[in-house]
Amino acid sequence: MTDPPTMVGHRCITCERVAFPPDPYGCENCGSPASTFEQWDLEARGSVQAVATVHRHHRSTPVTPFTVGVIGLVGGPVVKAIVEGVGVAVGSTVEGFLAHDEPDNEGNVVVDLRFRVIE
Ligand SMILES: [Zn+2]
């Protein structure tokens, strides 16, 4: 594992579209088959495009309230993830990290890619 983590996506060789997570069915842009994709490492860094605070959740973790952000990665794709810290706002620059939650009711520890504000 790297810190900050590297996100492994793919790039379409035909049209150069970068996607995360990898799409097993082919390129959404040009229709090329997935067999023509190349692995494409993405930096877990980007800017917040939208935020929402979650107050009710069907599981014990993550503990509410928490903030979910729509994050435009510097490499192009857009992801949704928990953003930790105060002052999370549209335009905030964020960096990814791996969070290890407390075990859930079944004893499973979830390792989750989350983001935190760095600027
Ligand atoms: Zn393509």
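What residue, among those in the range 90-104 that are surrounded by fewer than 11 Cβ atoms within 10 Å (Cβ to Cβ) and touching a residue at least 24 places away in the same chain (Cβ under 8 Å), is farthest from VAL63 (Cα to Cα)? Before the answer, list the steps.
From the range 90-104, those surrounded by fewer than 11 Cβ atoms within 10 Å (Cβ to Cβ) are 91, 100, 102; that's our starting set.
Applying the additional criterion that residues be touching a residue at least 24 places away in the same chain (Cβ under 8 Å) yields 91, 102.
On the way: GLY91: 25, GLU102: 10 Å.
Filtering the range 90-104 for residues that are surrounded by fewer than 11 Cβ atoms within 10 Å (Cβ to Cβ) and touching a residue at least 24 places away in the same chain (Cβ under 8 Å), the one farthest from VAL63 (Cα to Cα) comes out as GLY91.
The set of residues in the range 1-57 that are farther than 20 Å from GLU84 by Cα, open to solvent by less than 40 Å² (accessible area, probe 1.4 Å) and in a loop (DSSP other than H, G, I, E, B) comprises ASP23, GLY26, CYS27, SER32.
Looking at VAL68, is it among the aliphatic types (A, V, I, L, M) and surrounded by 13 or more Cβ atoms within 10 Å (Cβ to Cβ)?
On the way: among the aliphatic types (A, V, I, L, M): yes; surrounded by 13 or more Cβ atoms within 10 Å (Cβ to Cβ): yes.
When the stated conditions are applied, VAL68 passes them.
Looking only at residues in the range 1-37 that are aliphatic (A, V, I, L, M) and over 15 Å from LEU73 (Cα atoms), which one is farthest from the ligand (Cβ to nearest atom)?
Going residue by residue through the range 1-37, those that are aliphatic (A, V, I, L, M) are 1, 7-8, 13, 18-19, 34.
If we keep only those that are over 15 Å from LEU73 (Cα atoms) too, we end up with 1, 13, 34.
Working: MET1: 30, ILE13: 8, ALA34: 10 Å.
Among residues in the range 1-37 that are aliphatic (A, V, I, L, M) and over 15 Å from LEU73 (Cα atoms), the one farthest from the ligand (Cβ to nearest atom) is MET1.
For the criterion of being modelled with pLDDT under 95, at positive phi and open to solvent by 40 Å² or more (accessible area, probe 1.4 Å), GLY76 passes. Checking each residue in the range 18-40 for being at pLDDT 95 or above and charged (D, E, K, R) picks out only GLU38.
For SER60, the stated conditions do not hold, so it cannot be described as open to solvent by 30 Å² or more (accessible area, probe 1.4 Å), more than 16 Å from the ligand (Cβ to nearest atom), within 13 Å of GLY96 (Cα to Cα) and in contact (Cβ under 8 Å) with a residue 12 or more places away in the chain.
Every condition in (1) β-branched (Val, Ile, Thr); (2) at pLDDT 95 or above; (3) within 21 Å of MET7 (Cβ to Cβ) holds for ILE118 except the one numbered (2).
For the range 38-57, the set of residues classified as within 14 Å of the ligand (Cβ to nearest atom) and among the acidic types (Asp, Glu) consists of GLU38 only. Taking only pairs six or more apart or across chains, which ones have beta-carbon atoms under 7 Å, a first residue in the range 9-33 that is free of Cβ contacts under 8 Å to residues at least 12 places away in the same chain, and a second residue that is near the ligand (Cβ under 9 Å from one of its atoms) and open to solvent by less than 60 Å² (accessible area, probe 1.4 Å)? Listed by first residue and then by second, the contacts come to GLY26/SER32; PRO33/GLY26.
The values are calculated or read from the model by the stated rules, or taken from the named source; none is laboratory data. Predicted model, so just to flag it, every value in this text is computed and none were measured. Because the Cβ atoms are built from the backbone with ideal geometry, glycine has one as well, and the counts that use them run over all protein chains shown. Side chains included, ligands, DNA and RNA excluded: accessible areas come from the protein's heavy atoms. Shrake-Rupley method; radii C 1.70, N 1.55, O 1.52, S 1.80 Å.
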